[in-house]
Amino acid sequence: MNKLIKGLCAASLFALSFSAVGEPYVVLMLGSSDIEADVDAIIAPPTGTIVEPEVPAFTASGNDGYFAIGGGFIMNEYLAFEFLLNQYGKVEDTVNSNVTFDAKVRSVTVGVVGKWPLSDSFSLYAKTGLDAWSADFAFKELGNHDGDVSTDDTWQKTTDNDRGYSLFVGLGADYKIMDNLSGFIEYGFHPYAAEYKYYVTEPAITGPGGVIIEPDKSRYEAVDVDLTVSTFSLGLNWAF
């Protein structure tokens, strides 16, 4: 969360640096997100145990609502700078009959927008820039339920969070409704290389007479999670 806050601060400073020379605007976007998570296999090491469910490599995918709010500065008819707070929603999927997985993703983006005016009111554009993302992961495993699986307390849940930075791209079309208001349609692509960390314990090694040669050990191991978020949205730009 700290990195996400720092990313927001950096985005604000980045945008404010252009406020003296650009025309400011605010952005609101609503749409849908397609989230895909490719997760490596989680397997207990030969000498240790884990609190996670052991699962083979799998892919979780799904759709959710997408929401973004932010602002930017129009430099001229061909160039703008923009920052956004993005909520991509959550993907929930079933790994097997006893295990489910979900991932919730959000980000702060700071980017440059290049426009190609086709008329006084219509233009195409492309954008790219830095994506400061954060993802929450969770496994839920079916526990001792005595045949009753109707309540959440029949599940045990393990979680992790990862965050980082990557590049994003977007393509869209913009239509000027009035002098200071534009509507647009946009496709965005956000690839993230994440990790899911899990806790491993190793029992003590004892010698003759029960003498402890090595004490209990614990450590974290990690598996790769390749996250891909695609968005399709409608939005409004209001210039001041």
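Rule-based calculations on the coordinates, nothing more; no lab input. These numbers come from a predicted model, not from an experiment. A quick note on method: Cβ atoms are made from the backbone with ideal geometry, for glycine too, and the neighbour counts reach across all protein chains shown.
Among 178, 29, which comes first, then next, by fewest other beta-carbon atoms within 10 Å?
178, 29
Neighbour counts of C-beta atoms inside 10 Å place 224, 131 in the sequence 224, 131, starting with the fewest.
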